[in-house]
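A.B. asks: Pasting a structure here, questions to come.
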Amino acid sequence: MGIVLGPNRYGKAETRVVRVVRDGQRHELRDLNVSVSLSGDLDATHLAGDNAGVLPTDTQKNTVYAFAKEHGIDQPEDFALRLARHFVASQPTIHRARVHIEQHSWQRLGPHSFQRDGGETRTTTVTVDTAGEWVVSGLAGLVLLNSTDSEFWGYAKDGYTTLPETRDRILATAVDARWRFAAPTDWADSYPGVRAALVAAFVQTYSLSLQQTLYAMGRRVLEERPEVVEVRLALPNKHHLLVDLAPFGLDNPNEVFVAADRPYGLIEGTVLRSDAPSYDGAF
């Protein structure tokens with residue numbers, strides 16, 4: 001039985017770059033966390049320590065900073081595509097580049113004053129190789145809560161089941177969503193549009209399960225955003241447990257809860273168009 005080298009990749013993870021556009025008195029701010037991953041003809045470095053085909057990860061980091069200056073940063077999808085295309089085109093041993101970006105938002109307080117936004121993080125993952133290009137946008141940590149219009153009952157029970165059925169509960173989650181496109185689009189318009197569709201579906205769905213809500217959110221995105229062909233969602237169930245106030249002689253008609261940190265239910269699923277094109281990138 002022989003031993004062979006399997007799939008491999010390497011890169012520079014989490015390069016922090018902040019770009020300030022000083023165009024007069026009103027400044028613009030972009031705050032990114034950029035991770036690069038490259039793969040290709042790299043057997044020699046693994047098997048013989050021959051680094052001739054290896055672009056140092058420090059060079060990858062420097063490229064991020066240089067491109068931020070030379071090309072600026074508008075939409076993270078465009079910046080990721082520019083980086084990924086560069087690595088594949090400029091390095092003969094590199095056949096695939098994956099660039100993942102997390103964008104941190106800042107609220108404007110004045111012409112050159114900002115406050116870090118405590119909301120969700122915008123993300124994008126771009127894959128470029130000799131066969132094509134794929135863009136997956138997303139968001140992480142979008143915290144949503146419905147204080148009613150949520151039930152959970154009729155589920156399977158066995159000897160270990162203690163959870164009581166409920167016809168009225170708090171439904172809370174921190175949305176991790178990723179969606180892919182069939183072709184390049186107006187990234188600046190698409191992101192807020194997808195986000196709005198996700199939020200609207202959560203708010204407007206009378207939920208009998210978090211799974212039902214997940215499907216409604218993905219379906220709403222596909223109905224309202226024709227540029228999107230697939231949505232993947234991970235929804236942790238942020239449990240809010242009713243506090244027993246009977247020992248203090250008090251009623252608690254769904255008013256006082258303890259927000260449990262862990263463990264939590266995790267609901268994951270994909271909603272996609274039946275004719276979605278094939279996909280060979282990274283989610």
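A.B. asks: Rank 53, 249, 40 by mean-square fluctuation in a GNM of the chain with C-alpha springs under 10 angstrom and give only the top-ranked residue.
C.D. replies: It is 249.
A.B. asks: Of (1) 138; (2) 124; (3) 217, which one was derived for volume of the Cα convex hull per residue in Å³ from the structure shown?
C.D. replies: So the structure-derived entry is (3).
A.B. asks: Can you tell me the orientation of helix 187-204 relative to the chain, as the angle in degrees between its alpha-carbon axis and the longest Cα principal axis, to the nearest 10?
C.D. replies: So the inclination is approximately 20 degrees.
A.B. asks: Now a separate question. Treat every Asp and Glu Cβ in the range 139-283 as -1 and every Lys and Arg Cβ as +1, leave all other atoms uncharged, and give the resulting dipole magnitude about the Cα centre to the nearest 20 debye.
C.D. replies: Values: 13 positive and 19 negative charges, 40 e Å.
Around 200 debye, computed over the range 139-283.
A.B. asks: Helix 76-90 against the longest principal axis of the chain: what's the angle in degrees, Cα atoms only, rounded to the nearest 10?
C.D. replies: Tilt of helix 76-90: around 30 degrees.
A.B. asks: Please arrange 147, 39 by counting, for each residue, the other beta carbons lying within 10 Å of its beta carbon, fewest first.
C.D. replies: Values: 147 14, 39 17.
With the fewest neighbours first, 147, 39 line up as 147, 39.
A.B. asks: Tell me the angle of helix 210-224 to the major Cα principal axis of the chain, expressed in degrees between 0 and 90 and rounded to the nearest ten.
C.D. replies: Rounded to the nearest ten degrees, it is 50.
A.B. asks: Name the lysines eligible as straight-distance cross-link partners of residue 61: C-alpha to C-alpha under 27 Å, and not fewer than 8 places from it in the same chain.
C.D. replies: Within the straight-line limit of under 27 Å, residue 61 reaches these lysines: 12, 69.
A.B. asks: Among 21, 143, 135, which one shows the biggest mean-square fluctuation in a GNM of the chain, springs joining Cα atoms closer than 10 Å?
C.D. replies: Largest GNM mean-square fluctuation: 21.
A.B. asks: Determine the dipole magnitude for the chain: charges of +1 sit on the beta-carbon of Lys and Arg, -1 on that of Asp and Glu, nothing else is charged, the reference point is the Cα centre, and the result goes in debye to the nearest 20.
C.D. replies: The calculated dipole for the chain is roughly 560 debye.
Coordinate-derived values only; no laboratory data. Everything numeric in this text was worked out from a predicted model, so none of it was measured. In this analysis, Cβ positions are derived from the backbone assuming ideal geometry, glycine residues included, and neighbour counts consider all displayed protein chains.
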